[in-house]
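Written out below as structure tokens is the structure these notes cover.
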Amino acid sequence: MSQDYDYDLLTIGGGSGGVRASRMAAQKGARVAVIEEDRVGGTCVLRGCVPKKLLVYASEYASHFDDAAGFGWSVGEHNMDWGKLISTKNAELDRLNGIYNNILSSNGVETIQGRGTLVDAHTVEVNGKHYTAKHILIAVGGWPSMPQIPGIEHAITSNEALDLPELPKSIVIVGGGYIAVEFAGIFAGMGVEVTEIIRADHLLRGFDQDLRTQLENEMTKRGIKIMPHTTIEAIAKNGDHYDLTLGNGDTLQTHCIMYATGRAPKTSGLGLEQAGVKTAKNGAIVVDENFRTNVDSIFAIGDVIDRMALTPVALAEGMALVNYLFGTETKAVDYENIPSAVFSQPPLGIVGLNEQEAIEKYGEVDVYTSGFKAMKHTLSGRDERTFMKLIVDPKTDKVIGAHMMGPDAAEIMQGIGIAMKCGATKAQFDATIGIHPSAAEEFVTMREKRG
């Protein structure tokens, strides 16, 4: 390793991708430091996946209490203590933050507290002090973005939604992406009156159309009001609530307004221009297949490069980068057939192409679908449907898309993702013996092509 610099690798950003890359580089003998202005853990651990899913779990209990009666249980009075939930959630985040700090220190990675800004191709400034490195890695992630409309200062994002001091009586959530959909389910489950406003005609742009409409039906059953083709032009505080001026001139009242209209790479103020690093129009850092920027010594991974904003993808990118810089084997990240989930209520699981994408790529495709009431709800009486879909290339018989809405969709789709990564065919799905009784067995028993 080079002795001409303070470090072999200097990472700006202590999120999942940055921590993984730093730890693995140190294990290969590199001198490594991580610069973090907040707490180590990043979006996923502190402001995203983990706290959000804990709130999803909490919000599901209202339905579980209702379901219990059909199974002979008498459930007494129950109330949501939001303050206690937030306190226990934060205690868990503190525990995870400690684990991340220990991961770095136990592997010999130094942590530098403060905001890092690039000075040149090999130098980063933190709190007025300069640190040099042979390689600099930018892994600062993304941040919620909001439109600049009158009164936008009254709106919250997912960051604040995770730590509200109390539950509002009502909330308007602006946006139709997975974050908006997930928080709509969380607040509805807590008994909040939820309205979701979207500019498009359906939620979850880019997802399979069948999943989009199926989920909208289920969300509506849960009392969530979805307003398509709608925009907000202004927000005004009015006593204990807010008046929202809509694009058609109507007014809507709510006790809380949340924007989940997208996230942008958090590249402002990093000194990228000073160091000569190129960025895209949306601020994302432009990198090649090895995550190298146009400046040879500077690299970037994760949400900041705006390829696929998923924590496991950032982890894979970090591993690939370390192997490229300090290992003997270079292997590019394969972005095809990456399973993902939306922790809506009910949840979604997806891997591969949606039907429209499959048609555009392959022309003719075979589609298999199944919809049913989950076995549990034959006794609970809950009006909820499960939906599954397989998309097959008829020329090769390969399964090129799998989609599910229903309980345990994420758990089931992880296994389907392995099969599709191995190039599984529909015939191989059909030859697989199902687990009975389970929802998952439906994926190996669908025989009838959709007409």
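Observations, loosely collected:
- Criterion (touching a strand residue (DSSP E or B) at 6+ places or on another chain (Cβ under 7 Å), outside the structural domain of Gln209 (by TED's automatic domain parsing), over 25 Å from Lys53 (Cβ atoms) and surrounded by fewer than 19 Cβ atoms within 10 Å (Cβ to Cβ)) met by exactly one of Arg450, Arg385: Arg450
- Of all residues in region 15-23, none are more than 19 Å from the chain's Cα centre (by Cα), among the charged types (D, E, K, R) and crowded, with 24+ Cβ neighbours inside 10 Å.
- Given (1) under 11 Å from Ile138 (Cα atoms); (2) among the hydroxyl-bearing types (Ser, Thr, Tyr); (3) touching a Ser or Thr at 6+ places or on another chain (Cβ under 8 Å), index of the condition Thr261 fails: (1)
- Residues in region 315-359 that are of a type outside the set (Asp, Glu), over 23 Å from the mean Cα position of the chain (by Cα) and either modelled with pLDDT under 95 or not in a helix (DSSP H, G or I) (or both): Gly327, Thr328, Thr330, Lys331.
- Strands (runs of 3 or more DSSP E) (entirely within region 360-451) containing at least 2 residues that are aliphatic (A, V, I, L, M): 385-392, 399-405
- Matching entry among Ile138, Ile171 (being closer than 30 Å to Ala30 by Cβ and out of contact with any Lys or Arg (no Cβ under 9 Å at 6 or more places or on another chain)): Ile138
- Options Leu211, Leu215, Leu204; residue that is at pLDDT 95 or above, assigned to a loop (DSSP other than H, G, I, E, B) and crowded, with 20+ Cβ neighbours inside 10 Å: Leu204
- Extreme residue, farthest from Ile136 (Cα to Cα), among residues of region 36-60 that are in a helix (DSSP H, G or I) and either outside the structural domain of Ser105 (by TED's automatic domain parsing) or of a type in the set (Val, Ile, Thr) (or both): Val56
Rundown of residues vs (1) exposed (fewer than 12 other Cβ atoms within 10 Å of the Cβ); (2) closer than 30 Å to Glu193 by Cβ, yes/no style:
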position	(1), (2)
Thr251	yes, yes
Thr261	no, yes
Ser268	yes, no
Val277	no, no
Gly283	no, no
Glu289	yes, no
Ser297	no, no
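- The C-beta contact set for region 193-209 (first residue in contact (Cβ under 8 Å) with a residue 60 or more places away in the chain, second residue outside any loop (DSSP other than H, G, I, E, B) and of a type in the set (S, T, N, Q), distance under 9 angstrom, 6+ apart or interchain) comprises Asp208/Gln356; Gln209/Gln356.
- Looking only at residues of region 132-178 that are out of contact with any strand residue (DSSP E or B) (no Cβ under 8 Å at 6 or more places or on another chain) and aliphatic (A, V, I, L, M), we find that the one that is surrounded by the most Cβ atoms within 10 Å (Cβ to Cβ) is Leu162.
- Top-ranked residue of region 421-437 - restricted to ones that are more than 16 Å from Tyr368 (Cα to Cα) and under 27 Å from the mean Cα position of the chain (by Cα), ranked as surrounded by the most Cβ atoms within 10 Å (Cβ to Cβ): Lys421
- Matching residues, region 171-183, being more than 19 Å from Ile86 (Cβ to Cβ) and not in a loop (DSSP other than H, G, I, E, B): Val172, Val174, Tyr178, Ala180, Val181
- Among the residues of region 115-168, the one identified as closer than 17 Å to Gly15 by Cβ and among the basic types (Lys, Arg) is Arg115.
- Criterion violated by Ile235 - all others in (1) in a loop (DSSP other than H, G, I, E, B); (2) crowded, with 20+ Cβ neighbours inside 10 Å satisfied: (1)
- Region 238-266, residues that are outside any strand (DSSP E or B) and farther than 23 Å from Ala188 by Cα: Gly239, Gly247, Asn248, Gly249, Asp250, Lys266
- Residue match in region 24-34 (condition: charged (D, E, K, R) and touching an Asp or Glu at 6+ places or on another chain (Cβ under 6 Å)): yes
- Residue in region 286-302 that is under 26 Å from Met420 (Cβ atoms), at pLDDT 95 or above and in a helix (DSSP H, G or I) present: yes
- Asp94 vs. criteria of a type in the set (Asp, Glu), surrounded by fewer than 23 Cβ atoms within 10 Å (Cβ to Cβ), over 21 Å from the mean Cα position of the chain (by Cα) and more than 21 Å from Gly302 (Cα to Cα): no
The values are calculated or read from the model by the stated rules, or taken from the named source; none is laboratory data. All figures in this text were calculated on a predicted structure; none of them were measured in a lab. Cβ: placed from backbone, ideal geometry, glycine included. Neighbour counts: every protein chain shown.
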